[in-house]
Amino acid sequence: MDIILNSLNYKFDNDGNTVSIAVSFQGSGSNFDNLNATLNLTSADLSDGKTFDDLSKKDIVSVGRNKLAKLTAVTTDSTSTTA
């Protein structure tokens, strides 16, 4: 599936520093598989010592893709039933 960036939305504090960035991705594949995701990137998602103002658009997209991969990774095979 080809996943593309379709939106970046910056949030600033009163001093003009970037405090978070909402990153939106969209993807579609064969058999009508679709993905739409909006992630809120915070300073906790960055490498030590980095701020959003240090990063290029390419860097921000990379941080977003890494977070998306972690959030969507299947870690267990779970099945649930409803009674």
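Summary table
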{"quantity": "Residue selected from segment 34-50 under the condition at pLDDT below 90 and exposed (fewer than 13 other Cβ atoms within 10 Å of the Cβ), by the criterion nearest to the chain's Cα centre (by Cα)", "calculated": "Ser47"}
{"quantity": "Residue among Ser56, Ser24, Ser28 that is surrounded by 10 or more Cβ atoms within 10 Å (Cβ to Cβ), without any contact (Cβ under 8 Å) to a residue 24 or more places away in the chain and among the polar types (S, T, N, Q)", "calculated": "Ser24"}
{"quantity": "Residues satisfying the stated conditions in segment 2-21, i.e. exposed (fewer than 10 other Cβ atoms within 10 Å of the Cβ) and either charged (D, E, K, R) or over 17 Å from Lys50 (Cα atoms) (or both)", "calculated": "Asp2, Asp13, Asn14, Asp15"}
{"quantity": "Looking only at segment 59-77, and only at residues there that are loosely packed, with under 10 Cβ neighbours inside 10 Å and hydroxyl-bearing (Ser, Thr, Tyr), the one that is farthest from the chain's Cα centre (by Cα)", "calculated": "Thr76"}
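The values are calculated or read from the model by the stated rules, or taken from the named source; none is laboratory data. As the structure is a prediction and not an experimental result, all values here were calculated from the model. Glycine also receives a Cβ, built like all others from the backbone with ideal geometry; neighbour counts cover every protein chain displayed.
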